[in-house]
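Data first, discussion second: the structure below is written as structure tokens.
The values are calculated or read from the model by the stated rules, or taken from the named source; none is laboratory data. Predicted model only: the values in this text are computed from it and were never measured. Heads up, the Cβs are rebuilt from the backbone with ideal geometry, glycines too, and the neighbour counts pull from every protein chain shown.
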Amino acid sequence: MRDMQRLRSSSSKGRGWHGNSKGHASAGRLGGQATAKSQGETFYSDIGRIGGKKRANNQRKSYIEELV
């Protein structure tokens, strides 16, 4: 029971950002570099292209719904 209370308390840091913006940015940068290294150069362009198509489709759907 005490363990659960400790986990819920504001003094418990755990994982996450916790206001350290430089550390957060650095961790994100390192993670991105590691992903690029392991997945290859085309990984980000491929997922960006997929995301762009999905976004465009969602915008078209909402536009069509407005017309109806």
Q. Hey, which of the helices (runs of 4 or more DSSP H) in the chain, taking only ones fully inside, have at least 1 residues that are at pLDDT 65 or above?
A. 21-39, 42-67
Q) Taking only pairs six or more apart or across chains, which ones have beta-carbon atoms under 8 Å, a first residue in region 35-64 that is free of Cβ contacts under 8 Å to residues at least 60 places away in the same chain, and a second residue that is loosely packed, with under 10 Cβ neighbours inside 10 Å and not in a helix (DSSP H, G or I)? A) none
